[in-house]
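Quick notes on the structure that follows.
The values are calculated or read from the model by the stated rules, or taken from the named source; none is laboratory data. Treat the numbers as computed from the prediction; the structure is a model and nothing was measured. We place every Cβ from the backbone using ideal geometry, glycine too, and count neighbours over all the protein chains shown. Keep in mind that these areas ignore ligands, DNA and RNA; they rest on the heavy atoms of the full protein, side chains included. Shrake-Rupley method; radii C 1.70, N 1.55, O 1.52, S 1.80 Å.
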Amino acid sequence: MRPTLLSLFVFLFLQLGAQDKTVSELKSESTRDIKKAPADTLPDAWRRGGIFNVNISQGSLSNWAAGGDEFSLSLNNLVSLFAFYKEGRSSWDNTFDFNYGVVRTTSLGSRKNDDRIDLFSKYGYGISSKWNVATVFNFRSQLFNGYSYTDSSRSLSSAFMSPAYVLAGLGFDHKPSQSFSVYISPATARWTIVRDDSLSAKGFYGVDPGEKSKFEFGAYLSANFLKTFNKVLSYKSRLDLFSNYRHNPENIDLYMTNILSVNFSKAFAATWNVDLIYDDDVKLFGPEKRSPAMQLKSLIGIGILLKFGATKG
């Protein structure tokens, strides 16, 4: 019996030792940092971000000798978003802007002073380190009615999809840096749309009277710049030029938008928006309202400005 009991004790001792070693190994594995293999993670190809801005100003007068409106209130907001994709030779740049502003005074009532929606999308395939073959799509319009005012009346001058501009082109995109690109297209189609019956009947925005759209084919250039210089200063700009092969190609249409922002804190900033438009077919100016002219809009404000994104992920 003794050899049998001795053998049993030896066997149990060895098993307990093996269990202690197994437990120690398990504890060590549970506390060890787990490192992913390089193949387990893929870089995010998107760079996304934007800004949201609201500017509010209010004024009131009472027995003010210099004169003026007893009450005035202005509200302007801006939403500017971007999403840029880059992987391999493929790139896809998207921007979306929405501006809206209204002014209310005692003498004039409420009037719109800003209204714009603008979607710009560009897809490119690299043929060299800085050149892409690219296609572009752009949609630009507004959301609410706009009016022209006289001393005694007002008349409708614009509305949603009146006008609207739809543009599609095939060309080449040059990207010398991450912040700047120039797109050039010798083959671009552009449609001017006027859906409102009263505006189309007058032939506004270059459409034939009674027609709802106008087709143009020509050359197009779009230069885009977007850069955050530091925590305080950022600037975004786009310049579009279009020449219609079918009618007066020497009269080049221009559209330019600029946004400069200066941050005083994380959520408080000054902004300056400047838009320039020249369209040879928009003949709503001059003494007889039958001439084209350079259109300028400048808005300066101080208010809440929130930035988000601007990095991968």
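What number of residues in segment 234-252 are more than 16 Å from Phe120 (Cβ to Cβ) and either open to solvent by less than 60 Å² (accessible area, probe 1.4 Å) or assigned to a loop (DSSP other than H, G, I, E, B) (or both)? Residues that pass the stated criteria total 11. Counting only residues that are open to solvent by 30 Å² or more (accessible area, probe 1.4 Å) and either of a type in the set (Ser, Thr, Tyr) or farther than 15 Å from Arg111 by Cβ (or both), segment 126-164 holds 20 of them. Checking the stated criteria, Phe172 turns out to be at pLDDT 95 or above and open to solvent by 50 Å² or more (accessible area, probe 1.4 Å).
Within segment 255-313, the set of residues being within 30 Å of Asn244 (Cα to Cα), more than 17 Å from the chain's Cα centre (by Cα), in a strand (DSSP E or B) and in contact (Cβ under 8 Å) with a residue 24 or more places away in the chain comprises Tyr278, Lys297, Ser298. Would you point out the residue of segment 267-293, among those that are in contact with a strand residue (DSSP E or B) (Cβ under 8 Å, 6 or more places away or on another chain) and among the charged types (D, E, K, R), that is most open to solvent (accessible area, probe 1.4 Å)? Of everything passing the filter in segment 267-293, Lys283 is most open to solvent (accessible area, probe 1.4 Å). Condition test on Thr188, is it polar (S, T, N, Q), open to solvent by 60 Å² or more (accessible area, probe 1.4 Å), in a strand (DSSP E or B) and on the phi < 0 side of the Ramachandran plot? Against the criterion (polar (S, T, N, Q), open to solvent by 60 Å² or more (accessible area, probe 1.4 Å), in a strand (DSSP E or B) and on the phi < 0 side of the Ramachandran plot), Thr188 does not qualify. Any residue that is at pLDDT 90 or above, open to solvent by less than 20 Å² (accessible area, probe 1.4 Å), of a type outside the set (A, V, I, L, M, F, W, C) and closer than 22 Å to Asn138 by Cβ - is there at least one of those in segment 219-229? Yes, segment 219-229 contains at least one residue that is at pLDDT 90 or above, open to solvent by less than 20 Å² (accessible area, probe 1.4 Å), of a type outside the set (A, V, I, L, M, F, W, C) and closer than 22 Å to Asn138 by Cβ.
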